[in-house]
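Chemist: Can you read through this structure? Questions will come right after.
The values are calculated or read from the model by the stated rules, or taken from the named source; none is laboratory data. Just so it is clear, the model here is predicted, and its values are computed rather than measured. Don't worry about glycine lacking a Cβ; one is built from the backbone with ideal geometry, like all the others, and counts go over all protein chains shown.
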Amino acid sequence: MQTVTHVADLRSAIRQWRCEGRRIAFVPTMGNLHAGHYSLIQTARANADRVVASIYVNPTQFALGEDYGNYPRTLESDQQGLREQGCDLLFAPEDADVYPPDQAGPVARIDLGELANSLCGAFRPGHFAGVAQVCARLFHFVEPDVAVFGEKDYQQLLVIRALVRAFAFPLQIIGAPTGRNEQGLALSSRNQYLSAEELQRAVGVIDALRLAVAQIQQGEVIAKIEEQGYHQLAALGFRPDYFAVRRALDLGQVGPSDKDLRVLVAARLGKARLIDNLPAVRDTDVRAN
């Protein structure tokens, strides 16, 4: 596996693959990789001839007081893991490579409306604008045929799909299933912020989500499901930001005829902010909203 830092070197390697007629998949990450990330690499490998990963802790998606400065940076072990998973090229830029200081004018911000400003966007103002900003640049640098994002951050996945549509990027976005441990906890780099006791309690997130899915299938009123999920987590010592049931298509409020839904949660436990979600299908004959 080759590692490059500068955009020119990245484009040179990709240009050679293009001349050979290779199909290219891209997996953008912030590093500190785990099994969930490596599953994205495998999905990318199954959909392309060459796989490019990036490791870049993007400052524009962190708000003041968040963990940008302390976010784990483990490049050497990440390189080894990517090599073992069959990644072909790692792009590991510095800030100046992604946001050149000599560019004319300020860095453009991308506003994708309510989709980016609800749920996590409401609790982390500007977060998805920063995500869209860096992904737009990375897509321009790599010019992949396909990019893979995990469903664990379902809202981010929809934001990226909206970005691709808005700017007509010629690439396919694939959502890969959430990686989980044996207890069902979604894999996340931020799980390492949890103590051993908190890790045991963190399983309460998937328990609450599974209960909500069952209640949706039974025709329970959506507002009641949301309230119960919120209080269930609070009773376990979480500090929930939200526990919400939304339309799977666009995260809009659930209407009487909406069938394909998503249950989403963001909750703080100790030093970690955990996010997770599950799909749910509601009988269209049920009119609970």
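Chemist: Can you find, within region 204-231, the residue that is farthest from ASP260 (Cα to Cα) among those that are surrounded by 14 or more Cβ atoms within 10 Å (Cβ to Cβ), over 25 Å from the mean Cα position of the chain (by Cα) and without any contact (Cβ under 8 Å) to a residue 60 or more places away in the chain?
Modeler: Filtering region 204-231 for residues that are surrounded by 14 or more Cβ atoms within 10 Å (Cβ to Cβ), over 25 Å from the mean Cα position of the chain (by Cα) and without any contact (Cβ under 8 Å) to a residue 60 or more places away in the chain, the one farthest from ASP260 (Cα to Cα) comes out as GLN228.
Chemist: Which of the residues that make up region 128-151 are touching a Gly at 6+ places or on another chain (Cβ under 9 Å), within 18 Å of VAL57 (Cβ to Cβ) and not hydrophobic (A, V, I, L, M, F, W, C)? Spell out the reasoning first.
Modeler: Here is the first cut: in region 128-151, the residues touching a Gly at 6+ places or on another chain (Cβ under 9 Å) are 128-129, 148-151.
Going one step further and asking which of them are within 18 Å of VAL57 (Cβ to Cβ), we end up with 128-129, 149-150.
Scanning region 128-151 gives a single hit, GLY150.
Chemist: Quickly run through region 171-192 and pick out the residues that are exposed (fewer than 15 other Cβ atoms within 10 Å of the Cβ) and out of contact with any helix residue (DSSP H, G or I) (no Cβ under 9 Å at 6 or more places or on another chain).
Modeler: Within region 171-192, GLU182, GLN192 meet the criteria.
Chemist: Can you tell me which of ALA46, ALA13 is assigned by TED's automatic domain parsing to the domain that holds ALA116, touching a Leu at 6+ places or on another chain (Cβ under 6 Å) and of a type outside the set (Lys, Arg)?
Modeler: Details: ALA46 fails: touching a Leu at 6+ places or on another chain (Cβ under 6 Å).
So the residue among ALA46, ALA13 that is assigned by TED's automatic domain parsing to the domain that holds ALA116, touching a Leu at 6+ places or on another chain (Cβ under 6 Å) and of a type outside the set (Lys, Arg) is ALA13.
Chemist: Now a separate question. Sort out which residues of region 16-43 are buried (at least 21 other Cβ atoms within 10 Å of the Cβ) and either among the hydrophobic types (A, V, I, L, M, F, W, C) or outside the structural domain of LEU138 (by TED's automatic domain parsing) (or both), and write them in order of number.
Modeler: ILE24, ALA25, PHE26, VAL27, LEU33, LEU40, ILE41 - these are the residues of region 16-43 that are buried (at least 21 other Cβ atoms within 10 Å of the Cβ) and either among the hydrophobic types (A, V, I, L, M, F, W, C) or outside the structural domain of LEU138 (by TED's automatic domain parsing) (or both).
Chemist: Right, something else. From the list ASP258, ASP250, ASP276, exactly one residue is among the charged types (D, E, K, R), at pLDDT 95 or above, over 17 Å from the mean Cα position of the chain (by Cα) and assigned by TED's automatic domain parsing to the domain that holds GLN200. Which is it?
Modeler: Criteria check complete, one pass: ASP258.
Chemist: Considering only residues that are polar (S, T, N, Q), over 15 Å from GLU143 (Cβ atoms), assigned to a helix (DSSP H, G or I) and free of Cβ contacts under 8 Å to residues at least 60 places away in the same chain, which ones fall in region 12-49?
Modeler: Just the residues of region 12-49 that are polar (S, T, N, Q), to begin with: 12, 16, 29, 32, 39, 42-43, 47.
Going one step further and asking which of them are over 15 Å from GLU143 (Cβ atoms), we end up with 29, 32, 39, 42-43, 47.
If we keep only those that are assigned to a helix (DSSP H, G or I) as well, we get 39, 42-43.
Answer for region 12-49, where residues must be polar (S, T, N, Q), over 15 Å from GLU143 (Cβ atoms), assigned to a helix (DSSP H, G or I) and free of Cβ contacts under 8 Å to residues at least 60 places away in the same chain: just GLN42.
Chemist: Which number in (1) in contact (Cβ under 8 Å) with a residue 24 or more places away in the chain; (2) in a loop (DSSP other than H, G, I, E, B) marks the one condition that LEU249 misses?
Modeler: Against the list (1) in contact (Cβ under 8 Å) with a residue 24 or more places away in the chain; (2) in a loop (DSSP other than H, G, I, E, B), LEU249 comes up short only on (1).
Chemist: Residue under question is VAL134, and the condition is that it be closer than 22 Å to ASP95 by Cβ, at pLDDT 95 or above and surrounded by 18 or more Cβ atoms within 10 Å (Cβ to Cβ); does it hold?
Modeler: Values: closer than 22 Å to ASP95 by Cβ: yes; at pLDDT 95 or above: yes; surrounded by 18 or more Cβ atoms within 10 Å (Cβ to Cβ): yes.
Criteria met by VAL134.
Chemist: Now, a different point. Can you confirm whether GLU198 is of a type in the set (Asp, Glu), at positive phi and either at pLDDT 95 or above or surrounded by fewer than 17 Cβ atoms within 10 Å (Cβ to Cβ) (or both)? Walk me through it before giving the result.
Modeler: Values: of a type in the set (Asp, Glu): yes; at positive phi: no; either at pLDDT 95 or above or surrounded by fewer than 17 Cβ atoms within 10 Å (Cβ to Cβ) (or both): yes.
So GLU198 does not fit the description; no.
Chemist: Restricted to region 163-199, and to residues that are without any contact (Cβ under 8 Å) to a residue 24 or more places away in the chain and polar (S, T, N, Q), which residue is nearest to GLY113 (Cα to Cα)?
Modeler: ASN181
Chemist: If you go through region 44-73 one residue at a time, how many are farther than 15 Å from ARG273 by Cα and aromatic (Phe, Trp, Tyr)?
Modeler: Residues meeting the conditions: 1.
Chemist: Given the structure, is PRO125 over 20 Å from ALA244 (Cα atoms) and either in contact (Cβ under 8 Å) with a residue 60 or more places away in the chain or assigned to a loop (DSSP other than H, G, I, E, B) (or both)?
Modeler: Working: over 20 Å from ALA244 (Cα atoms): no; either in contact (Cβ under 8 Å) with a residue 60 or more places away in the chain or assigned to a loop (DSSP other than H, G, I, E, B) (or both): yes.
Criteria not met by PRO125.
Chemist: Yes or no: ARG165 modelled with pLDDT of 95 or more, surrounded by fewer than 18 Cβ atoms within 10 Å (Cβ to Cβ), under 23 Å from CYS120 (Cα atoms) and not aromatic (Phe, Trp, Tyr)?
Modeler: Values: modelled with pLDDT of 95 or more: yes; surrounded by fewer than 18 Cβ atoms within 10 Å (Cβ to Cβ): yes; under 23 Å from CYS120 (Cα atoms): yes; not aromatic (Phe, Trp, Tyr): yes.
So ARG165 fits the description; yes.
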